[in-house]
Structures are given as structure tokens and as C-alpha cells.
Amino acid sequence: MRLHRALPLILAGALVLPAQTLEPKDVRDIAKAGTNALPRLGELLSNPDTAIRIEAVKQITDIGGLASLDLLIKATHDNDSEVQVRAADGLVNFYLPGYVRSGFAASISRVGGSVKGRFTDTNDQVVDPFITVRPDVIDAIGALVAGGNGMPVRAEAARDVGILRGKAAVPQLLAALRTKDTDVLYESLIALQKIRDESVGPRIVFLLRDPEPKVQIAAVEAMGLLRNMQAVPDLLGVLRDTRNDKVRRSALGALAMLPDPKSRPVFQQYLSDKDDKLRAAAAEGFARLRDPNDMATIDKAWQGEGKTPPRLADAFALVMLGRLELSEFSPLRYLIDNLNSSAYKGVAEPYLIELARQQQVREALYPAIAGGTKDEKIGLAHVLAASGDKASLPYLQKLSNDTDSAVASEGVRAMRNLQARL
């Protein structure tokens, strides 16, 4: 056969080359056919060469589409740790595009048959509520939490299932909390925080005294986020006994999320502490106790506060206690103004989301939307998506038609999230 006649067959991929002659670049060439290449790439998931299987998973992930999910699920059953990690991250990437460029797999290095990588410090990614993840995807990643090939795989699988809000994997996450590996413990706790299955709170109290501060802090924060009121005495004990400032702040923050009159003396004690994060947590505690008699105490703190974090918390408390005016220097206006701050919008927005669960607060926020800045409109769209009701839909509809494309996009997204929740 002349070379020019053979060339098309060779370019068709290693479709005619023996499997053992394949190289990763050949897999990339096959993938150039896009979705039409998925069947052939699926076959390569059984290739005896680990490098070929890894490249096949990468290419399947890049091609994406619904047809990729079954192949990536198949790849999670591979016995190689890198294939498992890349397959799990690929599944997340389908629901959260771009994830593979920032997930654990992006930093993988191999050590023999195992993998090492760097877990990013931030772990706040989560899919939108309106996104429905296929149950078999959660099952596949949950299986890696329980039995992935190595602790890095299990830790990354825990992170992945948290991003997907995979409630069906809660049993595997709870089982993972019995390991001694810090990363697995931490990622499993954060995943449980994201899934928000409040029934698991009492089952993770034992980690409140974990010797690793990173794990202890995650467990402490989980008590507040999962609303485990039974943990109040334990958290008071942690607050009393710890010598770690970060643990102390987390413990007071968790107590602030669990309104219990027994915590009032602690909130009073820390409202004037020299640590501004502790002052902020104390103000949050007063906010959630929702006792009108505390108005004067919080207003005094608000008037005298010079640091932004505790001042935001004071504003949160005052609005929670009924200060709903939108005048220039009012607490509610202060919270909205900070949606414009790159440093503090991540604090102001959650406060507003919690406040907007009350109808009277939502009604107080509506007038601020029309004349808001771009960042205020986007922030308030997030607030109404999380805490709005049917009456909020017309305001989000208006934002979805905003002349600013970024605002309009967030308006559409917010409408979808709110409608999914109603």
C-alpha cells in the first residue's frame, strides 16, 4: 500500500494501529473528532497502558456532553488512582464547567502508582440549586469516598460530592470521618456542610476535640451550619478550653448560629473583646437571639465600632431586631453598600440572605434594587434567589432585562434558582 493511501487510515486514529502502539498524542488526535470520538475513547478506558487511559479520561472530559457521563462513571472503577481522580473531577466539570482547571487533578504528580496533589485553600464551590445531578454520578463518586485508591483520591471525591450537593453520599462521608487522614476528614466535613443534611450533626460531635486544628475548626463550623442545638454545651467547652485563636473564633461563630439563651453571657463578654472577629461573632449571636431588649446594647456597639467586620455584624443584628429603614447611614443601607466592596461583599451578602428570609426585610430591600449599582443589583439578585418568594419574581424578571449584561445574566440565574426552590 502506498503511503499516501495509508495516510487516511492512520489519521483516523489509531483505529487501525495495534493498541500497544498508541501514545497519548494519538488519543488526542482521536479526540479531535469531538462527540463522534466518544465511542472509541470509551474503548480506550480498557487499554492496559495507564497513560492511555488517563489521556482518554482527559479527552472525554474536554468533549463533555451527556454521552460523556457514562464513560466517566466507568472510569471511576479503574484501579489507577489518577484515572479515578480525573474521572471524578470530569463528572463535576460537566455540572460546573471549568472545574478541572482548578480542582485537585490540575496539580497531580505521580509517585509510583499513587498520586499527590495540592488541595486549594478555598473550598466554597457548589452547583446552583436548580441543577439536578444524576443519581448514578453521585453513587460513582460516593464509592470513591469509601474505597478510592489512596487517601488523596478519597479526599478529592469527598470534595467533589460536596460540590454536587450529593446527599445520597452522606453515609460514605460519615464513614470517611473514621479515618486518620487530615485531608479526608476535612474535605468530608466541608462536604457535609454544603449538603446541609441537619440529621448528621449529632453524629460528628466527636470531632469537636480533634487534635488537628483544621479538622476541629471544620467540625465546629459544621455544628452551626447544621443547626445542631445539642452541641451548644460542647461548643461552650471548646470556647472555654482552647488556646487557638482560630478555634476560639470558630466556636463563638458556631454558637452565634445556634441561638440559645445560655450563650448570652458569652456574647456579652465578647461584644467588647479586642479581637474584631470575636466582636463580630458576638453581635451575630445577639442578632439570632432576636430579643428586642438587646437593641440598645447593639446600637451602642454599632455607633462606636471602627472595624468593618464587626460593624457589618452590628448592622446585621440591628436589622434583625427591626431597623429596616433605608436612610443614608442606616444599618440596612450599610449592608447593601458593602455589596460594592470586593473585600466584604462575601460577608454582607450572606447577612442579607439570612435577613431576607423575613418578609418585612424583603419588602424593605425591593426599593433598593432599581437604583442600585451593578454590584448591588447582582448581590440582591443572589439574596432573592436564596430567600425570596413568589413576590420576588417580578423584581428578578426586571433584573434579567437589565441593560448591563452581567446583571441580566445573574437575574436569569437567580430566577431559575428561586423557581427551583419554590
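The values are calculated or read from the model by the stated rules, or taken from the named source; none is laboratory data. Note that the structure is a prediction, hence the values are computed from the model and not measured. Every residue, glycine as well, gets a Cβ built from its backbone with ideal geometry; the counts of neighbours run over all protein chains shown.
Is it the case that segment 60-76 has a residue that's assigned to a loop (DSSP other than H, G, I, E, B), surrounded by 20 or more Cβ atoms within 10 Å (Cβ to Cβ) and modelled with pLDDT of 95 or more? Before the answer, list the steps.
Residues of segment 60-76 assigned to a loop (DSSP other than H, G, I, E, B): 64-65, 76.
Remaining after also requiring surrounded by 20 or more Cβ atoms within 10 Å (Cβ to Cβ): 76.
So of that shortlist, the ones also modelled with pLDDT of 95 or more come out as 76.
Looking through segment 60-76, at least one residue is assigned to a loop (DSSP other than H, G, I, E, B), surrounded by 20 or more Cβ atoms within 10 Å (Cβ to Cβ) and modelled with pLDDT of 95 or more.
Which one of 274, 246, 262 is closer than 18 Å to residue 123 by Cβ and surrounded by fewer than 19 Cβ atoms within 10 Å (Cβ to Cβ)?
On the way: 274 fails: closer than 18 Å to residue 123 by Cβ; 262 fails: closer than 18 Å to residue 123 by Cβ.
Result: 246 is the single residue among 274, 246, 262 that is closer than 18 Å to residue 123 by Cβ and surrounded by fewer than 19 Cβ atoms within 10 Å (Cβ to Cβ).
Quick check: anything in segment 197-218 touching a residue at least 24 places away in the same chain (Cβ under 8 Å), within 16 Å of the chain's Cα centre (by Cα) and crowded, with 19+ Cβ neighbours inside 10 Å?
Looking through segment 197-218, at least one residue is touching a residue at least 24 places away in the same chain (Cβ under 8 Å), within 16 Å of the chain's Cα centre (by Cα) and crowded, with 19+ Cβ neighbours inside 10 Å.
Within segment 241-269, which residues are among the basic types (Lys, Arg) and over 17 Å from residue 219 (Cβ atoms)? If you could, list the steps in order and put the result at the bottom.
First, pick out the residues of segment 241-269 that are among the basic types (Lys, Arg): 243, 246, 248-249, 262, 264.
Within segment 241-269, 243, 262, 264 meet the criteria.
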Of all residues making up segment 127-165, the number that are in a helix (DSSP H, G or I) and not hydrophobic (A, V, I, L, M, F, W, C) = 11
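Out of 315, 296, report the one residue that is among the aliphatic types (A, V, I, L, M), within 30 Å of residue 374 (Cβ to Cβ) and at pLDDT 95 or above. Don't jump to the end; show me each part of the working.
Working: 296 fails: within 30 Å of residue 374 (Cβ to Cβ).
That would be 315, the only listed residue that is among the aliphatic types (A, V, I, L, M), within 30 Å of residue 374 (Cβ to Cβ) and at pLDDT 95 or above.
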For segment 344-422, please list each of the helices (runs of 4 or more DSSP H) lying entirely inside it that holds at least 1 residues being in contact (Cβ under 8 Å) with a residue 12 or more places away in the chain and closer than 25 Å to residue 132 by Cβ.
-> 345-355, 374-387, 393-400, 405-421
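So, in segment 292-311, exactly how many residues are surrounded by 15 or more Cβ atoms within 10 Å (Cβ to Cβ) and either touching a Leu at 6+ places or on another chain (Cβ under 7 Å) or farther than 18 Å from residue 348 by Cα (or both)? Please lay out each step first, then the result.
So the first thing to find is which residues in segment 292-311 are surrounded by 15 or more Cβ atoms within 10 Å (Cβ to Cβ), and the list is 294-295, 297-299, 301-302, 305, 308-311.
From what is left, the residues that are either touching a Leu at 6+ places or on another chain (Cβ under 7 Å) or farther than 18 Å from residue 348 by Cα (or both) are 294-295, 297-299, 301-302.
Here the count works out to 7.
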Show the residue pairs that are 6+ apart or on different chains and have beta-carbon atoms under 8 Å apart, the first residue being within segment 155-179 and without any contact (Cβ under 8 Å) to a residue 60 or more places away in the chain, the second being in a helix (DSSP H, G or I) and acidic (Asp, Glu).
-> 155/183; 155/187; 158/187; 159/187; 162/187; 168/139; 169/139
For segment 4-55, which residues satisfy the criterion of being among the basic types (Lys, Arg) and modelled with pLDDT under 95?
-> 5
